[in-house]
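J.: Have a look at this one.
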Amino acid sequence: MAEELINNQEEQAPEMEAAVEQPVEAAPAVENEVAEEAAPAVEEPAKEETVAEELPTEASKPRKMREFENVYGSLENFNWDNLDKKGSAYSAEETAKMTEEYTKSFKSIDEQAVIMGTVVSFNSREVVVNIGFKSDGVIPASELRYKTDLKIGDEIEVYVESQEDANGQLQLSHKKARMLKSWQRVNEAYESQEVVTGYVKCRTKGGLIVDVFGIEAFLPGSQIDVKPIRDYDVFVDKTMEFKVIKINHEYKNVVVSHKAIIEDELEAQKAEIIAKLEKGQILEGTVKNITGYGVFVDLGGVDGLIHITDLSWGRIIHPEEIVQLDQKINVVILDFDENKKRIALGLKQLTPHPWDALDPNLKVGDKVKGKVVVIADYGAFLEIMPGVEGLIHVSEMSWSQHLRTAQDFLKVGDEVEAVLLTLDREERKMSLGIKQLIPDPWTNIAEKYPVGSKHTAIVRNFTNFGIFVELEEGVDGLIHISDLSWSKKIKHPAEFTKIGENIDVVVLDVNVEDRRLSLGHKQLEENPWDVFETTFTVGSVHEGTIVSQTDKGVIVSLPYGIEGFAFNRALLKEDGTTAKIDETLPFKVVEFSKENRKINLSHTKTWQETKEDEEKRIKDEEKQKAKEIAKINESSEKATLGDLEALKNLKEDLEKQEAGK
C-alpha cells in the first residue's frame, strides 16, 4: 500500500504544485516521511487512539506533514478507500483492463507436468527458477550439481509438484523432471530400437551398471560383445553405444545391450559376404572357438563351422588335436544357407583322400597291420593308415560261437594284425578278421570229437532248453535239458550247475556243416530205468515222500533216487484228509513208462482196494455157502437115515465155523 501511495504521489505532482508553495522536489521526501509515520496506522488499526495521542500539535508539525495534510487531509480522518479515487491517474475502466492484462501475463500451468524454466538466481543451497507463474519456484542446488557451468538465464526442465504448498510457495523439482524425461526417452528408444549413448558407471554381479539418460540400466555380461568377455573392468568409466532390449515398468528396471549393435553390424556384413560365397571357394579364416563337435572360424565378419569329421581324414577325439584358438587356417566352402546365414567349411578337403593313396596291389586275403582307434559292442575299427580304416566284426575275432563283445578281445591303442576279408575301393570300405590268423578248429572236428567220446567242458551260458558249453576255443556244444539226468525232472539248467563250472559230457552227434555238437551228461551212467522196470511194477506199493506240489498234483521221492507223480485225486487218505508236502506215505504204482521215464502213483488206492477186496471175499463165501445148503436140502429127500445123520453133523460143523468167525 505504501508503494502504491508513493507511485500515486509522483503521478499527482502537478496538482501538488498548485496547492503548495513549496518546490515539487520536496514531495518525495514528504511522501517517504508520511509513509513511515502512516504505516503503523495501517498495520495496527486497533491502536488508533494511541497513535492519535502521540501525533504532534499543528504548530509542532513538520512542514512536509502540513503540506501532505493540505492535499489529503489530516491523518486522523484519512480514508484509504478514497486514496485511488483522489490520486489515481487511471479510471476504473482502465484499471480493470490493466488488471486483466496483468493476469493474462501469467502462464497456465498444470501440476505434475514437466515444463521449461529460467534460472533467475542461485546460491550454494538453492536455485530460483521463473516459469512465468505469479511466483518463482525454488529447487535444491544438489539437483543441479551435475551442471558445473550453471548461470543466470539458463533454461532447465522442471517438474511442477504443487502450485502452492502450505506456505504458498511454488514447488518444483529438476530431478523428477529429468527422471520423467529420461523414462520417456528410454521408452521411445526401446520402441524405435534407437541406438543410445550411455556411461558405464561400475561393475556389478553378472554385468555392468550403465547411466542412460540419468537412469541406471543393467548391461549383462553376455550382452557386452559377441565374444566371451573375461574382464568386465576394462569397460568401466567408458562411454558406449547401446540398445534398450528390455524394460520392466513395475520394478523400474532397464536392460541394455551393446552386443545387439555389433550383431546388427555383423548381420549386414554376413549378408554381404555370403552373397559373394561359392561352393568350393577357398578362404582364409581365424579359429574363433573350439567345441567338442567342431571348430568355428571367423571369415572376416561371418562365422563358419568345420565339423569334427571334416577336420581330418583320420579319426580324431577332439578338434584341438588339429587346430588351436586364434590360428589362421585355409578352409574350403562345402555348403552355405543364405537364409539361415550358416556356412559349412572343410579342412581335410584341401588334401587328397587317403584311399586314393591306398596300395593298388592290396587284395582280399592279405594281412595288414594297424592300430585300434574305436571299440564298439559290435566290433572294432582298425586304422591301417591315416584316413583308412577297416571294421573287425566281433564274429571275426574268435571261432567261438557264444556271445561276447569286442572289449573281450581288443582295446583302443592296440596294434594288431588282421586278414583282409572284403575290400570296396569305390565305397571306401573294408572288413577285417583276426580269427583267420589261427586254424579253424572245425576242420577236423569229427576226428577230434567222435560220437561217444567223453570230454570235460566249461559251462558258458544257460537257456530254457539246455546248457551251452565250450570244449575249446571256437568249439561249442549244447546239452539239452533232457540229457542232464536220468531220474530228476529239471525245470531250468540253473538247478543243475553254474556258469563257469566244469561239466563232463559225452558227444551224442556232430554236425560239421552247421558247426553244432550235441552233448549229453546223463549218458555217462547206465540207464537206471532198466532196473526200475522190474522194481516198480504196476500194483506194487512203495514208501514215498511228497517233495513238491503243482497245480495238477505232487512230486513223490521214491527209493533209488527216482521220482514219481501223483494226481490230486490220488492223495485222499483213509481218514478223509489230503496228503501234504513232506508227508511219507505208502504209494501204489498205477502206471510205469520206461520210454517216457514216468511213474504215476496213488496213495488212495493203497487203502481203497484193500477194503473192496475184503468185501468181495465175504460176498463170495456167502454165495458159496448158500449153494452148499441148497444142495443139501435138495438131496435130503432122497437120503437114508444114515445120510441124514451125516448131513446133521456137517451142518453143525458149518455153524461152528461161522460162529468162530
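J.: Go through the stretch 509-536 and give me each residue that's open to solvent by 60 Å² or more (accessible area, probe 1.4 Å) and in a loop (DSSP other than H, G, I, E, B).
T.: V512, E513, D514, R515, E525, E526 - these are the residues of the stretch 509-536 that are open to solvent by 60 Å² or more (accessible area, probe 1.4 Å) and in a loop (DSSP other than H, G, I, E, B).
J.: Within the set of pairs 6 or more residues apart or between chains, which connect a residue that is modelled with pLDDT under 70 inside the stretch 149-168 to a residue that is assigned to a strand (DSSP E or B) and surrounded by 15 or more Cβ atoms within 10 Å (Cβ to Cβ) with Cβ atoms less than 6 Å apart?
T.: Filtered contacts from the stretch 149-168: D165/Q171.
J.: Out of all the residues in the stretch 560-574, which are open to solvent by 50 Å² or more (accessible area, probe 1.4 Å), part of a strand (DSSP E or B) and farther than 11 Å from K605 by Cβ?
T.: Listed by number, the residues that qualify are E563, F567.
J.: Determine whether the stretch 320-337 contains at least one residue that is more than 27 Å from D356 (Cβ to Cβ), open to solvent by less than 40 Å² (accessible area, probe 1.4 Å) and assigned to a loop (DSSP other than H, G, I, E, B).
T.: No.
J.: What's the total number of residues in the stretch 131-149 that are more than 53 Å from the chain's Cα centre (by Cα) and either of a type in the set (D, E) or within 15 Å of A177 (Cβ to Cβ) (or both)? Give the derivation first.
T.: Step one: of the stretch 131-149, the residues more than 53 Å from the chain's Cα centre (by Cα) are 131-141, 148-149.
Going one step further and asking which of them are either of a type in the set (D, E) or within 15 Å of A177 (Cβ to Cβ) (or both), we end up with 131, 136-140, 149.
Total meeting the criteria: 7.
J.: In addition: Quick one: what pairs do we get from the stretch 448-474, first residue more than 14 Å from V510 (Cβ to Cβ), second assigned to a loop (DSSP other than H, G, I, E, B) and open to solvent by 50 Å² or more (accessible area, probe 1.4 Å), C-beta under 6 Å, 6+ apart or different chains?
T.: Once the first residue is more than 14 Å from V510 (Cβ to Cβ) and sits in the stretch 448-474, its partners that are assigned to a loop (DSSP other than H, G, I, E, B) and open to solvent by 50 Å² or more (accessible area, probe 1.4 Å) give V459/I499; V459/E501.
J.: Step by step: first the residues of the stretch 455-508, then only those that are among the small types (G, A, S) and either part of a strand (DSSP E or B) or at pLDDT 90 or above (or both), then the one that is surrounded by the most Cβ atoms within 10 Å (Cβ to Cβ). Which residue is that?
T.: G477
J.: Note down all Cβ pairs under 8 Å where the first residue falls in the stretch 406-418 and is within 15 Å of H393 (Cα to Cα), the second is open to solvent by 40 Å² or more (accessible area, probe 1.4 Å) and aromatic (F, W, Y), and they're at least six residues apart or on different chains.
T.: If the second residue must be open to solvent by 40 Å² or more (accessible area, probe 1.4 Å) and aromatic (F, W, Y), the pairs left are A406/Y378.
J.: Return the residues of the stretch 270-310 that are under 12 Å from I333 (Cα atoms) and outside any strand (DSSP E or B); say none if nothing qualifies.
T.: I274, K276, L277, E278, K279, G280, Q281, L299, D310
J.: For residues that are touching a Phe, Trp or Tyr at 6+ places or on another chain (Cβ under 6 Å) and surrounded by fewer than 18 Cβ atoms within 10 Å (Cβ to Cβ), scanning just the stretch 172-197, find the one that is farthest from L219 (Cα to Cα).
T.: Across the stretch 172-197, the extreme among qualifying residues is K176.
J.: Moving on to the next point. Going through the stretch 259-283 one residue at a time, which ones are touching a Leu at 6+ places or on another chain (Cβ under 8 Å) and among the charged types (D, E, K, R)?
T.: K279
J.: Under 9 Å by Cβ, and 6 or more places apart or on different chains, what pairs join a residue from the stretch 496-519 that is closer than 14 Å to T443 by Cα with one that is surrounded by 13 or more Cβ atoms within 10 Å (Cβ to Cβ) and among the polar types (S, T, N, Q)?
T.: V510/S518; N511/S518; R515/Q401; R516/Q401
J.: Looking at the stretch 303-319 only, could you name the residues that are surrounded by 14 or more Cβ atoms within 10 Å (Cβ to Cβ) and touching a residue at least 24 places away in the same chain (Cβ under 8 Å)?
T.: D303, G304, L305, I306, H307, D310, L311, S312, W313, G314, R315, P319
J.: Filter the stretch 338-348 down to the residues that are open to solvent by less than 80 Å² (accessible area, probe 1.4 Å) and farther than 20 Å from K371 by Cβ and list them by number.
T.: The answer is K341, I343, A344, L345, G346, L347.
J.: Identify all residues within the stretch 205-222 that are acidic (D, E) and touching a Phe, Trp or Tyr at 6+ places or on another chain (Cβ under 9 Å); write none if there are none.
T.: The one that is acidic (D, E) and touching a Phe, Trp or Tyr at 6+ places or on another chain (Cβ under 9 Å): D211.
J.: Being open to solvent by 30 Å² or more (accessible area, probe 1.4 Å), in contact (Cβ under 8 Å) with a residue 24 or more places away in the chain and charged (D, E, K, R) is the requirement here; does D237 meet it?
T.: Answer is yes for this residue.
J.: Picking from E426, E417, E396, which residue would you name as being farther than 30 Å from I458 by Cβ, open to solvent by 40 Å² or more (accessible area, probe 1.4 Å) and of a type outside the set (A, V, I, L, M, F, W, C)?
T.: Numbers: E417 fails: farther than 30 Å from I458 by Cβ; E396 fails: farther than 30 Å from I458 by Cβ.
E426 is the lone residue from the list that is farther than 30 Å from I458 by Cβ, open to solvent by 40 Å² or more (accessible area, probe 1.4 Å) and of a type outside the set (A, V, I, L, M, F, W, C).
J.: Select from the stretch 529-555 the residues that are over 60 Å from the mean Cα position of the chain (by Cα), among the β-branched types (V, I, T) and closer than 22 Å to K594 by Cβ and list them in ascending order.
T.: Within the stretch 529-555, V531, T534, T535, T537, V538, V541 meet the criteria.
J.: Please go through (1) closer than 16 Å to K429 by Cα; (2) open to solvent by 50 Å² or more (accessible area, probe 1.4 Å); (3) in contact (Cβ under 8 Å) with a residue 40 or more places away in the chain; (4) acidic (D, E) for D356 and return the number of the only condition it doesn't satisfy.
T.: (3)
The values are calculated or read from the model by the stated rules, or taken from the named source; none is laboratory data. The structure presented is a predicted model; accordingly, all values stated were derived computationally and were not measured. Note: ideal-geometry Cβ built from the backbone for every residue, glycine included; neighbour counts use all protein chains shown. All accessible areas refer to the heavy atoms of the entire protein, side chains included, with ligands and DNA or RNA removed. Shrake-Rupley method; radii C 1.70, N 1.55, O 1.52, S 1.80 Å.
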